[in-house]
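**Student:** Provided herewith is a single structure, encoded as structure tokens, for subsequent inquiry.
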Amino acid sequence: MRISMVGQLNLRIPRSTVVLATVILMSWCFSPFALGQEEQGAAQHPVKYLSLSVGVYHDEPMPNAPPDIKQGGTYKGSIRLQYNSEEKVLRFYPQKQGTATVIIEDPATGKVKYEYRVDVKKTDLYKVAREVQNLLGDIEGITIKIINNKVIVDGQILLPRDMGRIHSVVKQYGGVADSLVVLSPVAQRKIAELIERDVNNPEITIRAVNGKFILEGFANDKAEKDRAEIIAKTYVPDVVVDTAEADKKILPRKADVVINLIKIKPAPAQEPKKIVQLVVHYVELQKDYTKGFRFQWTPDIGDGSSLQFSTGGRSPGGVVATITGTISNLLPKLNWAKEHGHARVLQSSSLIVQDGNPGVINSISRLPYQIVNAQGQPSTNFEETGIRTNIMPQILGARSDSVQLKLNFAVKSLISYTDAGPLTSSREIQTVIVVRSGSSAAVGGLITNDSGTNYNKLPPNASTNPIISLYASKDFRRNQSQFVVFVTPIIKSSASAGSEKIKRKFRLND
């Protein structure tokens, strides 16, 4: 009819456009929406479609139904109905596969209140329920029910890994089965108890709140605080995504699963450092040997010639020449000497030092000697000899009895006096060692050995122009020395420890 109207208007419309418009109009006329609109408008009562399964009842609420209803339709033979007038609920008992209609009327007015178009399918939900029960029967806390034409797995579980197994089983049955299982709050509290037991600190507590684990209390240091957090993250279970969350009906808040609220205790007042007594022994051994032999016969003559002039007086004047000479070292000389020398220098010092601080002991002597300056005036200089000691102890650990010692020794001793001044020798030791309290260690040693032999060596006062020179000599010398330092650290409870022993030793009274 609409096409003929277009023809009566004599509009020039392309054939393709007419065909397309016809298809659109026919599609709209036979669409479910259009049919529903016309059907709703004609019936003036709600129409509902139900999909039921054989053997599974279904309850349908009817709030607008009267106390007494009249049932009609094509349901007889396939569906049995039961009406609860108090709760106004109509129960469907599907008995046979097929399609049927159920019409509910008000017997007083004859008007249709509800209309149901039912599709009954042949599905054995009890068989599905038994199979799901066999597959998930070993999981505690769940129940399997048949509700609203579906097999429902409901309950609370303790282990998140069981949720994955339940999901895999339910997924195999498609829309026939569904899961409402959630993670039990008891599991969260149990995991919190396991974390608290593993942390093993009575001052740290762990609480499970809304799927989060809150760490509270006090830790001794940051390392202990971080350790508790790492242990808690190790125990955190896998994330279980809720169905509503997966459908984005509920958006979870973004927050850490482990919330660390542990506070670090303030550091206690530092204890006073320990006292270390340092006992140092310096030992130096010297030994020298000299043996000499000399035969000397070197006579020489001294020229004393002179020329004198005289005149006047009783003696006649003229020139007088006098020739004189002096012979020295005329007698032969024989010298023989043999000397032995032994010396031992022992010096002991004791010093009390606080742990980690350096201790210094100096024992210095100043030796004077004469010099002549550039203007020819004599003056006095001093040469220092003695011992310089610098020791820094460090106790290795609060409960350890070992002491690390940084040592620096310098010893300068006198050898002999010469025309240029005192002749000295210097020795230095620098080292780092570890010694137990009360034990001694030889931290350094120096051994020198000097020997020499001279043959026919003229003495400083020998004649430079002898008449006859008969000289023979032999001189042998050997000098040996050894220097050793012994150190003994002693850890003391206080600086006054051991003072009573010293008082008794020197007979000192308070």
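The values are calculated or read from the model by the stated rules, or taken from the named source; none is laboratory data. Model, not experiment: these values are computed from the prediction. Ideal geometry is used to build each Cβ from the backbone, glycine not excepted, and the neighbour counts take in all protein chains shown. For the accessible areas, the whole protein counts, side chains as well, though only heavy atoms, and no ligand, DNA or RNA atoms are used. Shrake-Rupley method; radii C 1.70, N 1.55, O 1.52, S 1.80 Å.
**Student:** For E271, what is the net charge nearby, where nearby means another residue's Cβ is under 13 Å from its Cβ and Lys, Arg count +1, Asp, Glu -1?
**Tutor:** Neighbourhood net charge equals +2.
**Student:** Can you flag which of K265/K492; K88/K171; K291/K412; K76/K150 are past 26 Å Cα-Cα?
**Tutor:** K265/K492; K88/K171; K291/K412
**Student:** For region 401-479, state the semi-axes of the equivalent ellipsoid (square roots of 5 times the eigenvalues of the alpha-carbon gyration tensor), sorted largest first and rounded to whole angstrom.
**Tutor:** Over the Cα atoms of region 401-479, the semi-axes work out to 50, 15, 7 Å.
**Student:** Tell me the label-point distance for the pair L261, V89, using the 7 Å Cα-to-Cβ offset, in nm and rounded to one decimal.
**Tutor:** About 4.4 nm separates the two model spin labels.
**Student:** Still on this structure, I have one more. Sort the following peptides by mean Cβ neighbour count (other Cβ atoms within 10 Å, averaged over residues), highest first: 381-387, 63-69, 449-455.
**Tutor:** 381-387, 63-69, 449-455
**Student:** Here is a follow-up. In square angstrom, what is the accessible area per residue of region 117-174 with a 1.4 angstrom probe?
**Tutor:** 62
**Student:** Sorted by average packing, counted as other Cβ atoms within 10 angstrom per residue and highest first, what order do 173-182, 357-366, 261-270 take?
**Tutor:** Top of the packing list down: 173-182, 357-366, 261-270.
**Student:** Just the number, please: percent antiparallel of the DSSP beta bridges in region 49-203, rounded to the nearest 5. It would help to have the intermediate numbers written out before the result.
**Tutor:** On the way: 28 of 38 bridges.
Counting only bridges with both partners in region 49-203, antiparallel ones make up about 75 percent.
**Student:** Distance in nm between label sites at T205 and R227, each 7 Å beyond Cα in the beta-carbon direction?
**Tutor:** Computed distance between label sites T205 and R227 equals 2.2 nm.
**Student:** Which of the aspartates and glutamates could a cross-linker bridge to K96, judged by Cα under 16 Å and excluding same-chain residues fewer than eight apart?
**Tutor:** D119, D124
**Student:** Still on this structure: If R427, R478 are ordered by their accessible area, calculated over protein heavy atoms with a 1.4 Å probe, which sequence runs from highest to lowest?
**Tutor:** Working: R427 25, R478 100 Å².
Heavy-atom accessible area, descending, gives R478, R427.
**Student:** Over region 84-149, what percent of the accessible surface lies on carbon and sulfur atoms, probe 1.4 Å?
**Tutor:** Carbon and sulfur together cover 44 percent of it.
**Student:** Could you pull the Cα extents of region 134-178 along its three principal axes, largest to smallest, in whole Å?
**Tutor:** Taking the Cα atoms of region 134-178, the three principal extents are 28, 17, 16 Å.
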